[in-house]
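Encoded as structure tokens, the structure appears first; notes follow it.
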2 protein chains.
Amino acid sequence: LGGGFGGLACARKLKGVDVEVVLIDRTNHHLFQPLLYQVATAGLSGSDIAQPIRTILRGQSNLNIHMASALGIDLAARVVKFDWRDYSLEYDYLVIALGAVTNWFGHNEWSQHAMGLKNLEDAYAIRERLLGAFERAEILRDDPVELARQLTVVVIGGGATGVEMAGAVAELASHVLKPEYRSANLATTRVILIDAGERLLSTFDPDLSARAKVDLERMGVTVQLSTMVQEVGSGFVVAGNTRYEAGTIIWAAGVTAPAIVYDLQAENVVPKIKIERGRIPVGKDCAIAGHPNVFAIGDIAAMTDGAGVNTPGLAQGAMQMGEHAAKVIRADLISAEIRAAVKPFVYHDKGTMATIGKSSAVAHIGKLKAGGFVAWVLWLVVHLIFLVDLRSKLNVCLKWVWAYAFYRPSGRLLSARKSP
Amino acid sequence: LGGGFGGLACARKLKGVDVEVVLIDRTNHHLFQPLLYQVATAGLSGSDIAQPIRTILRGQSNLNIHMASALGIDLAARVVKFDWRDYSLEYDYLVIALGAVTNWFGHNEWSQHAMGLKNLEDAYAIRERLLGAFERAEILRDDPVELARQLTVVVIGGGATGVEMAGAVAELASHVLKPEYRSANLATTRVILIDAGERLLSTFDPDLSARAKVDLERMGVTVQLSTMVQEVGSGFVVAGNTRYEAGTIIWAAGVTAPAIVYDLQAENVVPKIKIERGRIPVGKDCAIAGHPNVFAIGDIAAMTDGAGVNTPGLAQGAMQMGEHAAKVIRADLISAEIRAAVKPFVYHDKGTMATIGKSSAVAHIGKLKAGGFVAWVLWLVVHLIFLVDLRSKLNVCLKWVWAYAFYRPSGRLLSARKSP
């Protein structure tokens, strides 16, 4: 279930094995989520960072790809039910790789006013709101309060997504788009990045957190740390006793498991499954305790190492778990003994990076800690390498060269507004 | 009003003139409509054929670009009202270049079941329906009736749009996507092209109409001429006493003026304006009779030549009228005499073409009539030349090379289906 990094890696690793693999996703595409913020800020089109799963995995003869949304998992009957007609599937092995959804921390009503960033629809919605606000600012004349609101962007959450969004929005308004607007309004755009913690990028080295803050502030972003969000409403955010009137509110504060995963906690599931902080605890074989034929991988799996540290919710973690789950399935197909002999999962950290703006990023790879231009070039190269197919690489490369040479982003289409 | 081919040409021609030009569009982009069918059939992304109007016209100092939808035109007060807050604009000269909308010929209820193709949203909706049908066909097992319905595409209207859509859909199912689907279902896709007239492409030379029919039929398209559509309902079309069960119904039967243009027929408008067959009659100066400061150009203008033939609703007609209206405005700014001396509008036909599939098109340029591969190469070159900016040219060129070399279309993203 799920065609993200984990699901793809698992399906690939089952190539040539004498099983029938069915990969099911609610969309028809794999999404390169690390670049999703660039779609949200108009730098790239959706099709640059998403490819049909069929295209990626063509030629794997034991693989079927079905587009459907899973509605429920019946672990006792070994059946998954889907949303279309009476479509359901029985399984021998189930790999749950559904990825995380936006966590509203008990305030689901805030989702009507703030925007998450987990899929293409989210990215398009943010882009529509941002560019729409700039367009409205061009028309607004005699209403400075509304003008300021339209041009205020609040980003909640100082992890990689929040930092990348804040930097990209600031750059979009101050450098990229300003020359094309006639009124001087765009220059007054305010970007406010709010986090409850003491530093940005809390999973990074503190030096790099500090560097990111300095770089963002130099780009004009207001960084509010140790600040709790009290309320999110229509066009405003209250945080740390300050009320921000904001036309665009972006919620990057955290993720959790989708509802169908929480449903696994139902009373009648034996043995019981307990979701912990939005993740399903799994063993070193990526299987759920007591359910040896059910695997959970990627962002929804809590895979803890000896020191109690979770494998992070990154593409590399998902891919490594996906391959490991496939390895365990291949072994299990032979015998329980062979399965027991599979080496326990160990996470290999290949490094983490986050971009802040043109010529600015932070990267932590092995012993190397880098900021600024060096980290930015590293970031560019790594992201181009990992883009799934050659056409996307060429396309994204072309668009980046274009954007950086001429400050002219390519993903900027707005539909007619539905309502005033 | 309107940032299509006509509006852009007019605004450009007013560069350097001592007037304040406000170009208003309900979207933020100019759309290269001749390639819209390729977005609908997954060959291109929206951003390949649409550019922000601000980007296209940057650097024109007497130009403002506002994104807003016109709600009403008050010719007596010389004011246009818009859909956002209390935004309205007074004008000295008004150029109406709003383009045409889908004509349902009195059956607006059919628009709930059939899909028009006039803007990016239309194209995305058709793509979603087509690709979604292929995905559902992959899951369907024991319901041959529903399977046949999902894989039947009816295209109504045998003009250039209908011919191009029918050819592109047939190619998509039979060549492009088939290798990526496991079930043999996709090969059973049926495309039916229905037209009430005696031949396809009625504005083309009869030889080319015949050629288009032969080429389409060789690609597996069923062409039903002299066939009237009696009814369009949910999942079916009745035409010429045959009922077609069809999951996708595309309506390319004709265009008309948008509602705001029809509103100009109101009683209180003096002198009266009469819309004829979806177009506003204009004089040789592109102005509406009795309203010398109000111009209508492009698809909504009925500009008749000496022989009573309308300037066709093509990009070249719109551009020529846009430039002519600008010329008349420039002259009028000097004096009524100078305006009266402007040469009457004459339409210069630069040729027409329509593509049918890979290596197949029809073209009529001056005395040259061509079909097949020659016409197809001509079509490719002409469309690349006229794409607005260099980045789009490079991008579309890359995608076409990719698609024609590997049969791998690039605009294929499907969102999660909202409902079963």
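The values are calculated or read from the model by the stated rules, or taken from the named source; none is laboratory data. Computed from a predicted structure; not experimentally measured. Cβ coordinates were reconstructed from backbone atoms using ideal geometry, including for glycine residues, and neighbour counts include every protein chain displayed. Accessible surface is based on the protein model in full, side chains and every heavy atom, while ligands, DNA and RNA are left aside. Shrake-Rupley method; radii C 1.70, N 1.55, O 1.52, S 1.80 Å.
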Any idea how many residues of segment A:131-151 are open to solvent by less than 10 Å² (accessible area, probe 1.4 Å), within 13 Å of chain B (Cβ to nearest Cβ) and under 29 Å from A:GLY254 (Cβ atoms)? 4
So which residues in segment A:171-203 are closer than 21 Å to A:GLY254 by Cβ and crowded, with 23+ Cβ neighbours inside 10 Å? A:VAL191, A:LEU193, A:ILE194, A:ASP195, A:LEU200, A:LEU201
Which of the residues that make up segment A:76-116 are aliphatic (A, V, I, L, M) and in contact with a strand residue (DSSP E or B) (Cβ under 7 Å, 6 or more places away or on another chain)? A:VAL79, A:VAL80, A:LEU89, A:LEU94, A:VAL95, A:ILE96, A:ALA100, A:VAL101, A:ALA114, A:MET115
Can you tell me which residues in segment B:83-97 are within 12 Å of another protein chain (Cβ to nearest Cβ) and either within 29 Å of B:TRP251 (Cα to Cα) or open to solvent by less than 10 Å² (accessible area, probe 1.4 Å) (or both)? B:ASP83
Consider B:VAL154 carefully, then state whether it is away from chain A (no Cβ under 13 Å), of a type in the set (Val, Ile, Thr) and either buried (at least 18 other Cβ atoms within 10 Å of the Cβ) or closer than 22 Å to B:TYR37 by Cα (or both). yes
Against the condition of a type in the set (Ser, Thr, Tyr), under 23 Å from A:ALA363 (Cα atoms) and touching a residue at least 12 places away in the same chain (Cβ under 8 Å), how does A:THR161 come out, does it pass? yes
Just checking, how many residues over segment A:1-60 are of a type in the set (S, T, N, Q), closer than 30 Å to A:ASN293 by Cα and more than 12 Å from every other protein chain (Cβ to nearest Cβ)? 1
On the given criteria, is B:LYS393 within 20 Å of the chain's Cα centre (by Cα), among the basic types (Lys, Arg) and under 30 Å from A:LYS399 (Cβ atoms)? yes
Residue set A:ILE260, A:ILE297, A:ILE273; condition over 24 Å from A:PHE105 (Cβ atoms) and of a type in the set (A, V, I, L, M); output residue A:ILE297
For segment B:3-21, indicate whether the set of residues that are part of a strand (DSSP E or B) and without any contact (Cβ under 8 Å) to a residue 60 or more places away in the chain is non-empty. yes
Inside segment B:109-130, can you point out the residues that are open to solvent by 30 Å² or more (accessible area, probe 1.4 Å) and within 14 Å of chain A (Cβ to nearest Cβ)? B:LYS118, B:ASN119, B:GLU121, B:ASP122, B:TYR124, B:ALA125, B:GLU128, B:ARG129
If a residue must be in contact with a helix residue (DSSP H, G or I) (Cβ under 7 Å, 6 or more places away or on another chain) and surrounded by fewer than 18 Cβ atoms within 10 Å (Cβ to Cβ), how many such residues does segment B:237-255 contain? 1
Return the residues of segment B:260-284 that are farther than 26 Å from B:TYR347 by Cβ and surrounded by 14 or more Cβ atoms within 10 Å (Cβ to Cβ); say none if nothing qualifies. B:ASP263, B:VAL269
Can you tell me which residue in segment A:211-236 is most open to solvent (accessible area, probe 1.4 Å), limited to those that are aliphatic (A, V, I, L, M) and over 23 Å from the mean Cα position of the chain (by Cα)? A:VAL214
Here are the criteria: (1) of a type outside the set (Val, Ile, Thr); (2) open to solvent by 30 Å² or more (accessible area, probe 1.4 Å); (3) at negative phi; (4) more than 9 Å from chain B (Cβ to nearest Cβ). Tell me which single one A:GLY106 does not satisfy. (3)
For segment A:157-170, what are the residues that are open to solvent by 10 Å² or more (accessible area, probe 1.4 Å) and within 12 Å of A:TRP251 (Cβ to Cβ)? A:GLY159, A:THR161
Residues of segment B:61-77 being more than 9 Å from chain A (Cβ to nearest Cβ) and either in contact (Cβ under 8 Å) with a residue 24 or more places away in the chain or buried (at least 23 other Cβ atoms within 10 Å of the Cβ) (or both), in sequence order, are B:ASN62, B:ALA70, B:LEU71, B:GLY72, B:ILE73, B:LEU75, B:ALA76
